[in-house]
1. Which condition number does residue 146 fail, the rest of (1) surrounded by 15 or more Cβ atoms within 10 Å (Cβ to Cβ); (2) in contact with a strand residue (DSSP E or B) (Cβ under 9 Å, 6 or more places away or on another chain) being met?
2. Looking only at the range 1-49, count how many residues are in a loop (DSSP other than H, G, I, E, B), buried (at least 16 other Cβ atoms within 10 Å of the Cβ) and touching a residue at least 12 places away in the same chain (Cβ under 8 Å).
3. Within the range 121-146, track down each residue that is touching a residue at least 60 places away in the same chain (Cβ under 8 Å) and on the phi > 0 side of the Ramachandran plot.
4. Taking the criterion of being part of a helix (DSSP H, G or I) and at pLDDT below 85, would at least one residue in the range 54-77 satisfy it?
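The values are calculated or read from the model by the stated rules, or taken from the named source; none is laboratory data. Everything numeric here is computed off the predicted structure, so don't read it as measured data. No Cβ is skipped: glycine too gets one built from the backbone with ideal geometry, and neighbour counts run over all protein chains shown.
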């Protein structure tokens with residue numbers, strides 16, 4: 001995908017304004033008539049050496065204020081506190097690339113998400129990324145999806161694909 005300098009500058013401005021990849025994908029289509037898959041937009045941003053901005057954490061109005069104890073706010077409890085050691089989340093997302101690609105795909109492999117759930121993944125001929133979870137109806141968290149995409153890009157590059 002080759003963008004002219006003005007289009008590249010516009011993508012950089014969108015990112016600086018905090019746009020997400022899906023927003024950039026929509027704007028490329030609506031403003032420039034460029035229909036790109038989400039993964040193509042991800043690669044485009046990476047090729048341009050741009051980085052996504054992390055959203056600012058916001059305090060919810062429903063979130064109660066923490067009381068002061070001895071002049072200090074108490075440390076928040078770990079989300080894993082009180083869980084049995086074997087029930088804790090595994091760290092990170094791991095991605096592997098199949099040595100023998102599944103029929104009908106350009107590249108395929110397996111992913112294990114941070115909560116231990118596994119899925120097969122594939123990239124089809126049109127550039128669409130697909131997931132087939134082992135557990136029916138499973139949907140990974142947004143953070144896991146983002147980490148999966150980064151790990152997938154790294155593994156595909158490492159494999160020379």
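1. (2)
2. Within the range 1-49, residues that are in a loop (DSSP other than H, G, I, E, B), buried (at least 16 other Cβ atoms within 10 Å of the Cβ) and touching a residue at least 12 places away in the same chain (Cβ under 8 Å) number 3.
3. So the first thing to find is which residues in the range 121-146 are touching a residue at least 60 places away in the same chain (Cβ under 8 Å), and the list is 123, 126-129.
Listed by number, the list holds a single entry, 127.
4. Looking only at the range 54-77, we keep the residues that are part of a helix (DSSP H, G or I), and these are none.
So far as the range 54-77 goes, no, none of its residues is part of a helix (DSSP H, G or I) and at pLDDT below 85.
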